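The values are calculated or read from the model by the stated rules, or taken from the named source; none is laboratory data. Because the structure is predicted, anything quoted here is derived from the model rather than measured. Cβ sites come from the backbone with ideal geometry, for glycine too, and all protein chains shown count toward neighbours. We work out accessible area using only protein heavy atoms, side chains counted, and drop any ligands, DNA or RNA first. Shrake-Rupley method; radii C 1.70, N 1.55, O 1.52, S 1.80 Å.
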Amino acid sequence: LGTEALAALGVGTAALSSIFWVFNFLGIGTQTEVAQAVGRSDGERAARMIYLALIMALAIGTTMLLMGQPLMRPAAQLLGAQGDVADQAALYMRIRLLGAPAVLALLVIFGALRGIQDMRTPLWIALTINAINMVLDALLIMGTGPIPALGIAGVAAASAAAQWVGVIWGLFVIRRVFPRPRGLDLRESRQLLRVGGDLFVRTAMLNLYLLLT
């Protein structure tokens, strides 16, 4: 697609990866709570914490999707992009944001599965996401048959769609292993924030440093 598209992809990926990774405390906090609850044979609490974390992840992701749209071009410019590169980076990020709730929900799902020492399922989900992404890239970037060439928009659409497929699979697994709890107390979500608060600040500062560099 040319150097402008490649540069735009680099800018967009750097920005969104940093934003998404700031919320990795959702996965680590869920992993910690689930592991401790399962260790106490308290499956009900483990399920409550998972579903509370999923609600938080989907709420944050949806807020990011809605409020982040007008901020994407300024974000690209902040990272040094100009002109056509900034335009394409903003387009890429706006479409990728459609997958934001799925990205954050997957952090929770993978954390929950690690909490019960299931490392295989996250691996298979991740491999499937990447495989779907590659297939959709091949179809959407240059176009084929009735599918028009979408360029960098196709890259973003492929990633967002693959993330949603992964999260649907992950939710199915979580529902099977941890049935929906009888009730949710939103006050319990403060424990997740306490576990992840320091991690949030640490990751934010680390990513800010890397972006500045």
Legend entry - Solvent-accessible surface (1.4 angstrom probe) belonging to Leu26, in square angstrom, nearest 10: 0 Å²
Inset, instruction - Measure nothing but the geometry: give the 0 to 90° angle between the long axis through the Cα atoms of 100-115 and the longest principal axis through the Cα atoms of the chain, rounded to 10°. - result: 40 degrees
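From largest accessible area down, sort Ile28, Ile125; use a 1.4 Å probe on the protein chains. Could the numbers behind the result be given before it?
Values: Ile28 60, Ile125 0 Å².
Per-residue accessible area, sorted high to low, gives Ile28, Ile125.
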Inset, instruction - Match the structure shown to one of the listed values (1) 1.09; (2) 1.04; (3) 0.99 of Cα Rg over 2.2 N^0.38 Å, computed from it, and give that label. - result: (1)
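Normalised by the residues of the chain, what does the relative contact order come to in percent, with Cα pairs under 8 Å and at least six apart?
Working: 272 pairs, mean separation 68.7, N = 213.
The value is 32 percent.
For segment 28-100, what is the Kirkwood hydrodynamic radius in Å, using each pair of distinct C-alpha atoms?
Values: mean 1/r = 0.0691 Å⁻¹.
Value: 14.5 Å, from the Cα pair sum.
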Inset, instruction - Using the Cα centre as the reference, give the magnitude of the dipole from point charges on the C-beta atoms of the chain (Lys, Arg: +1; Asp, Glu: -1; all else neutral), rounded to the nearest 20 debye. - result: 700 debye
Inset, instruction - Could you state the angle between the C-alpha long axis of helix 83-96 and the longest principal axis of the C-alpha atoms of the chain, as a value from 0 to 90 degrees rounded to the nearest 10? - result: 30 degrees
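Within the chain, which is the longest segment containing none of the trypsin sites (Lys or Arg not before Pro) that sit in a DSSP loop and have at most 14 other Cβ atoms within 10 Å?
Working: sites that count: Arg40, Arg182.
Excluding the exposed sites themselves, the longest stretch runs over 41-181.
Summarise the accessible area of the chain (1.4 Å probe, protein heavy atoms) by the percent that is carbon and sulfur.
On the way: 7390 of 11120 Å².
Heavy-atom surface of the chain belonging to carbon and sulfur, 1.4 Å probe: 66 percent.
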Legend entry - Heavy-atom accessible area per residue - the chain, 1.4 Å, Å²: 52 Å²
